[in-house]
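What follows is a set of notes on a single structure, which appears directly below.
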Amino acid sequence: MKAARESFPVSKTPVAASSVSVAASSVVAIVIFLAVHVALLVGITTPQKFVFDEVHYVPAARQMLEPAMLQPMLNPMHPPLGKQLIALSIRTFGDSALGWRYPGALFGALAVLAIYLCGLVLFQAQEPAIACALIAFFNQMLFVMARTAMLDIFAVAFELFAIAAFMYGFRQRRPHLWFATAGLAFGLSAACKWSGLFPLAVSIAIIAVVRLMQGWGTQFAGARESDWYRPDLWPDFRWYHFAACFVLVPAIAYLPSFVPLYGLSLSDIWQAQLRIFSDNTTTAIAGHTYMSSWPSWPFLVRPVWFLFDKIGDGRIAAVMLLGNPLVLWPTLLAVAVALRDFIVTRRMEAFLILAFYFGLYLSWTLLPRTLGFLYYYLPAATFASLALVYALRREGRPRWLLWAYVVVAAAGFAAMLPVSAAFVGTTMATFNRLMIFQNWI
């Protein structure tokens, strides 16, 4: 890295536009969404009772359907948008398992669609983008969360759309519209769960680093178009554009979901934010059977059992949130490859993958609360499909290797299906074979 007074040739043109057809991409996107949506709906009403944290979120959604909000308000420790989506589904489909869980299946399909868009933006080609979507779906974690009436899948879907918009804007000379779109989706994500603020913070940090380097007059020796930083990035993007895209627009998207609960009372809405902050940062939380700490999440040390029921004839119905080991363990190697490329070749794709993967994962370390669960890793684990595709497509890799890996990921998903979907059911013998580590039980 050299100072600006040393002259190095730097292109003044934006990264070349992708040659991917918009029409073809639209057709592929629709097919991916419909296929995943149908797959997630199969057997979604089993069991007909609450599983895991549905016991918190479904009653809170039911309360929102009352003519007047009852007191005490249920589940005030999270913003209301995700619960409002569950409430809308209950009103549409009835107060049943389908009504509780349909929004999760819808947003699970949207999350896979968003990963496809992320891949399309990052790799500017159809094959790797489709592979990203397939790997994300086969990573059992998203499958389980999308079939459970919890808030995380809503936040993740909005996050991924926001990241796709941000990464597209990152490549543009005038990123204003795309950064504003990202800000809108970040705000909606935070309106479901405050973890949606993590990727917003990552985006702000990326822009701050770029502007700081530009302010220093930094240039790279041997600069090239694939560099993650160029001194000519976003020449017309001013501080007030930044404030509008990453402060004002997210706030405008975030706040309206509180109006049905608190009206236009600014003091009540402000008190609601203080309550959310307090509940999400307190350390005075009791332990939990399935709790785990953040260093263990990428290694899948401690799963979360959503359901374990004996259904007769020696069979069980089980739902375990673990993640596909054939996806998440190789992710660690893929991230190492991206880290090497970021350091050695300064590649933009590697930089963006690392920034958002580590931002979505390591942000949890900043919270003082000791209670954590593997499903907090869901956003990073889903985004990790981009790291895997990146590593498998590096120069010199045969084309078939990526698709061979997709088949391996699908095999891992199929093997875990008996403990991922309650309607499948399994035997204790199969269960014991799948529990290859004692701490998975």
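The values are calculated or read from the model by the stated rules, or taken from the named source; none is laboratory data. Please read these numbers as outputs of a predicted model, since none were measured by experiment. All Cβ positions, even for glycine, are placed from backbone atoms using ideal geometry, and neighbour counts span all protein chains on display. Side chains are part of the model used for accessible areas, which takes the heavy atoms of the whole protein and leaves out ligands, DNA and RNA. Shrake-Rupley method; radii C 1.70, N 1.55, O 1.52, S 1.80 Å.
Here's the yes/no breakdown for (1) over 22 Å from the mean Cα position of the chain (by Cα); (2) buried (at least 23 other Cβ atoms within 10 Å of the Cβ); (3) small (Gly, Ala, Ser):
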{"position": "65", "(1), (2), (3)": "yes, no, no"}
{"position": "70", "(1), (2), (3)": "yes, no, no"}
{"position": "74", "(1), (2), (3)": "yes, no, no"}
{"position": "84", "(1), (2), (3)": "no, no, no"}
{"position": "90", "(1), (2), (3)": "yes, no, no"}
{"position": "94", "(1), (2), (3)": "yes, no, yes"}
{"position": "104", "(1), (2), (3)": "no, yes, yes"}
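For segment 190-225, the candidate set comprises residues that are part of a helix (DSSP H, G or I) and among the aromatic types (Phe, Trp, Tyr); within that set, the residue that is surrounded by the most Cβ atoms within 10 Å (Cβ to Cβ) is 198.
Restricting 17, 3, 29, 23 to residues that are more than 24 Å from residue 318 (Cα to Cα), surrounded by fewer than 11 Cβ atoms within 10 Å (Cβ to Cβ) and either in contact with a Gly (Cβ under 7 Å, 6 or more places away or on another chain) or at pLDDT 95 or above (or both) narrows the list to 3.
The numbered conditions (1) in contact (Cβ under 8 Å) with a residue 12 or more places away in the chain; (2) within 28 Å of residue 292 (Cα to Cα); (3) open to solvent by 60 Å² or more (accessible area, probe 1.4 Å); (4) not hydroxyl-bearing (Ser, Thr, Tyr) are all true for residue 433 except (1). Just one of the listed residues (350, 355) is open to solvent by less than 10 Å² (accessible area, probe 1.4 Å) and among the small types (Gly, Ala, Ser), and it is 350. Is at least one residue of segment 398-411 surrounded by fewer than 20 Cβ atoms within 10 Å (Cβ to Cβ), of a type outside the set (Asp, Glu) and at positive phi? No - not one qualifying residue is present in segment 398-411. Of all residues in segment 226-234, one or more are at pLDDT below 95, in contact with a helix residue (DSSP H, G or I) (Cβ under 9 Å, 6 or more places away or on another chain), farther than 17 Å from residue 180 by Cβ and open to solvent by 30 Å² or more (accessible area, probe 1.4 Å).
Looking only at residues in segment 330-386 that are in a loop (DSSP other than H, G, I, E, B) and not basic (Lys, Arg), the one that is nearest to the chain's Cα centre (by Cα) is 373.
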